[in-house]
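This report concerns only the one structure given below.
Every number here is computed from the coordinates shown, using simple stated rules; none is lab data. Remember, it's a predicted structure, so these values are computed and weren't measured experimentally. Don't worry about glycine lacking a Cβ; one is built from the backbone with ideal geometry, like all the others, and counts go over all protein chains shown.
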Amino acid sequence: MNISLPKENLASCEHYSDAQPTVIASIAKLLKDGFENPEKVSGSCQFEFFDHQNTVWLLSVCFDKNRLELSTEKLENIDSKIRMPIPIAEKIVSNIECVDYRDPEIIGQMEMLGNLNIVNHLAKSLVKPLKTTQATFLDATTIYWDAYAMTSIPYFDSPTEMEILEKIEKKQPFIIKNASMNIPFKKYSLEKLKNAYGNVLLRVRSVKEKETVAEFVEKMTRSKSQNVSKIIEGHTKVYTEGCLLPPQMIDDFLPHYFSKHDFSAPQIWLGSVPTDVPASSLHRDPLDGFLYQIMGRKKVVLFSPDQAQYLYPMKSYNNYQPCWVKYESPNLNDFPLFKNAKPIEVVLHPGEILVQPAGWFHSVYCLDSPTFSISYFLNSATGVHLEDVEG
Ligand SMILES: [Fe+2]
């Protein structure tokens, strides 16, 4: 859309009055520092911050291909609105290096209205990486020549923990076949999922939107004829988008490797996504990841860490680093170096676990509907190392 704003509305964010909560200036600075716009999107968004007495402060944002403008004035004809209590804004700013907007305590108190693409675009600026994450990515892109030379992903039948860790140390991804699990994946179905965990709270999507496992499964069943053109990344896909695996399900869905305390909180990827829409768009993670496939097949497209130079990773990120370029529909005018990138495609079948060392880029597509996967990372804080495992 075209933005036409009166000039007086575009006051710099440095002009806040003393009465304004300082967190709003922090949010404005994060937006200014982290904003990128290589796709040349235009739009506007009004942040509304409110306290317990319902006093409201505004931060209005307008951007187009060349500029980002911030103001504390109310704008007319905005594309989108984000409302949140001041304590939630403070929580976001104080945890900016690890905030996860899917966290029910955060998204459960936020309200997002209007064009959600614009909301998503701005949310990409409101994160910052830890120094250790930056160091992990830098390390992964420099010395692992055998990993960078890989042209396919090997399979390992029932590897030992030692063999798993050896591959991870060399930054070489692989697929585990015949992993020992509690859940017999060959016989798994939506009906079994619903019967076993139907009343369990699955996810919180906003202040007004909460879903149990049974409600989500029913939504999946209803959405079979969903119009692909209406799917917006992160919002209207009938897909759990990696929300946390409910605690009641964790023991059933972890493989018999290591201890559950060695893994970060598992995430659930359940839903129906058309094959040409990414279930997870291109990104890299700073921890060693396991993706356990339970129902349906998934195509995973991997790029070795040294391919970063061709993939346009975003400047702002925290728990994972998304890329601007889309593997499934690359815009070579905006991202010309992508033509040099070398993808490795694999198809993950039920019962298989894809292990990806930190720093490998990946984009994920659902080949079947429904699809059901669990992912988890080896926890760096309590990290398992070769010397801790008996061969
Ligand atoms: Fe990932």
Legend entry - Reference-scaled alpha-carbon Rg (2.2 N^0.38 Å with N residues) for the chain: 1.02
Inset, instruction - Scan around Asn115 for amide H atoms under 5 Å from its own, H built in the peptide plane at 1.01 Å from N, and keep only partners 5 or more places away or cross-chain. - result: Ser80, Lys81
Legend entry - Within straight-line cross-link reach of Lys219, aspartates and glutamates at Cα separation under 20 Å, skipping those fewer than 8 residues along the same chain: Glu191, Glu209, Glu211, Glu233, Glu241, Asp368
Inset, instruction - For helix 131-140, report the angle its Cα long axis makes with the longest principal axis of the Cα atoms of the chain; keep it between 0 and 90° and round to the nearest 10°. - result: 50
Inset, instruction - Take the Cα coordinates of segment 64-158, assign each an equal point scatterer, and use the Debye formula without solvent to give log10 I(q)/I(0) at q = 0.14, 0.18, 0.21, 0.22 Å⁻¹. - result: -0.77, -0.98, -1.16, -1.22
Inset, instruction - Calculate one ³J(HN,Hα) per residue across segment 244-251 by plugging θ = phi - 60° into the Karplus curve 6.51 cos²θ - 1.76 cosθ + 1.60, and present them in order as whole Hz with x for glycine and proline. - result: 5, 5, x, x, 5, 9, 4, 4
Inset, instruction - With runs of 4+ DSSP H residues as the only contributors, calculate the mean residue ellipticity of the chain at 222 nm using -39,500 (n - 2.57) per run, divided by the residue total and rounded to the nearest 500. - result: -5500 deg cm²/dmol
Legend entry - Dipole magnitude of the chain about its Cα centre (Cβ charges: Lys, Arg +1; Asp, Glu -1), debye to nearest 20: 1080
Inset, instruction - Can you put Trp324, Trp145 in order of Cβ neighbours within 10 angstrom, beginning with the fewest? - result: Trp145, Trp324
Inset, instruction - Quick one: which residues, 5 or more positions from Thr72 or on another chain, have an amide H under 5 Å from its amide H? H modelled 1.01 Å from N in the peptide plane, none for Pro or chain starts. - result: Ala11, Ser60
Inset, instruction - Name the long-range amide H neighbours of Glu345: under 5 Å, sequence gap of 5 or more, or other chain; modelled H, no Pro or chain starts. - result: Leu302
Legend entry - Pairwise centroid distance, computed over Cα atoms, of segment 22-42 with segment 273-324, Å: 24
Legend entry - Dimensionless Rg ratio for segment 7-123, taking C-alpha atoms and the 2.2 N^0.38 Å reference: 1.01
Inset, instruction - Using θ = phi - 60° and the Karplus relation 6.51 cos²θ - 1.76 cosθ + 1.60, list the HN-Hα couplings for segment 26-38 in order, rounded to whole Hz, with x at every Gly or Pro. - result: 5, 4, 4, 5, 4, 4, 5, 6, x, 6, 10, 8, x
Inset, instruction - List, in order, the whole-Hz ³J(HN,Hα) value for each residue of segment 306-312 obtained from phi through the Karplus relation with A = 6.51, B = -1.76, C = 1.60 and θ = phi - 60°; use x for Gly and Pro. - result: 6, 7, 3, 4, 9, 10, 6
Legend entry - Surrounding net charge for Phe303, when Lys and Arg each add one and Asp and Glu each subtract one, Cβ distance under 10 Å: +1
